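Everything on this sheet refers to the single structure shown next.
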Amino acid sequence: MSTRRTAPRNLPRLFCVPSLFLAASAVRGAEQNLISQPSFEAPRALDAWTIQQSAGTSVRLDTTVGRSGKTSVVIETAAGQEKNSYPAVKFSVVPEPGECYRAEVWIKSECQNELGGFLVFETTKGGQRFELIDGDQPGPKTNGWVKATAATVVATGAEKLTVGLVAHGAGTGDLEFSIDGGEWQTCPRFDAGCLKGVRSRSRCLASGLAPDRGHEVQVRVAAKQPKGSQGRFVRIGSLLVDGDVADPFAGKTPLERLDGLYAAMDPLRYTPPAERWQRIPRTMQRLRQGGTLKIVLLGDSIMNQTCHSGFGLLLQRRYPKVKIESVASVRGSTGCWWYKEENRVQEYVLKHHPDLLMIGGISQRNDVDSIREVIHQVRAKDQPEILLMTPAFGFEGSDFIKEWTYEVKADGKDYRAQLLRLASEEGCEFLDMTGPWWQYVQDSGKTYGWFRGDAVHANERGTQILARILERYFTR
């Protein structure tokens, strides 16, 4: 996609060059591009696509702008109307449940308005939306061509899979809402960290409503906006209507709750490497012989969820002599690139005096040099054993999901391979969470969303996967 302003017509324009892949498998071998004419070079290349446009917008082929070829799809909107419509091109296939599909589109945005683009997957069943999966959303004003991607594993029951290339305006601001004609109430939604794109955020608008009658919910852009907001645009992804459900594990112990949740899931099939534990001998000795084992988990919100997944309780059942103290030393969306600065290692690691330091999460930015620096800073003042962990959960378009293989390629250039080599070089233990975690999701027959509480984080089912991988890793 690309965006530019043309003087004669003064129209914001968005160009698209997409592909839709059915991921590689042992049966098919290489990936298959399901779009027969992804470069739009043929005159009727748009015939296979569904066009979504409203008054003041147009979608057509343009033979003057291309990336590798000469042609792309151009989406035009009237100047000033970028945030009032969602023109799009959509391509649909009959999916194979359980298979992974990946879409990519090249985007080029040059104009000074706020027109951008994003990728979205939609599955339908019986003509009704089954699942909606957002992909990358680069937003406007990119420097040259950039690639946006989306990926999804199709759930059982889905009858149609559609990939959409949607033009949108960027923006963030506060909302107001009214329930059943009542007073308008403020709903703070301004996201200072996302001024040029769109990302999911959830908010409970009301609870305790009478279940025996209908209710009207109205949502609008708030009249008063915080500094930095243009206050003109919001995209409502979904409104969830739900009721209170009796907790089936009420009165159970935390361990009984973990087991009850896991009993409703498929068992984890994961065999850890036989040679593990060579670099954490004191940790394994403490587990077997007893005493207190303090574990500090350093990273982001995913590491916070890992800490509170219940893995410590599972290990204490396996090793009844030990008492495990787990400390989530985390900061949202943060990795070692931040912890290495301004002596933050003292506050986030050293003051806790860990026996075992676990470093992981999805926010390391593939920056193994910063992880190495944190390791050196810790060891300059203390000698905990260290375990490096690869990512789990996060956005569906994350590189470690799009490029997933079960095994870590020792000579690879991806983050998992770099982390494996770093562990070897620095004498740290290594745990690949990515391989068994994503294998479980794919084998489950469920959508990725079944294991998530939002676009990034795990729900209770998802944290079960994390806890059971760690339990299996630390036991024979």
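Every number in this text was worked out from the coordinates using simple rules, so none of it is lab data. These numbers were taken from a predicted model, which means no experiment stands behind them. Cβ: placed from backbone, ideal geometry, glycine included. Neighbour counts: every protein chain shown.
For the reader, a short list of remarks on this structure follows.
- Legend: calculated FRET efficiency, Gln128 to Lys402, from the Cβ-Cβ distance at R0 = 25 Å, rounded to 0.05, equals 0.35.
- Distance (nanometres) between label positions extended 7 Å along Cα→Cβ at Glu341 and Glu96: 4.7 nm
- Cα pair distances of the stretch 368-425 binned at 10 Å [whole percent]: 20, 46, 26, 8
- With a simple spin-label model that places each label point 7 Å from the Cα along the Cα-to-Cβ direction, the separation between Asp454 and Ser54 comes to 2.7 nm.
- Efficiency of FRET between Glu183 and Lys351 - r from beta-carbon atoms, R0 41 angstrom, step 0.05: 0.30
- Extended-chain gain in nm, criterion 0.36 nm per residue less alpha-carbon gap, Ala206 and Gln32: 58.1 nm
- Sites Arg213 and Arg365 - FRET efficiency at Förster radius 45 Å, r taken between beta-carbons, to 0.05: 0.35
- All-pairs Cα distance distribution in the stretch 254-473, expressed in whole percent, bin size 5 Å: 1, 7, 15, 21, 21, 18, 12, 5, 1, 0
- Neighbour counts of other Cβ atoms within 10 Å put Ser363, Ser178 in the fewest-to-most order Ser178, Ser363.
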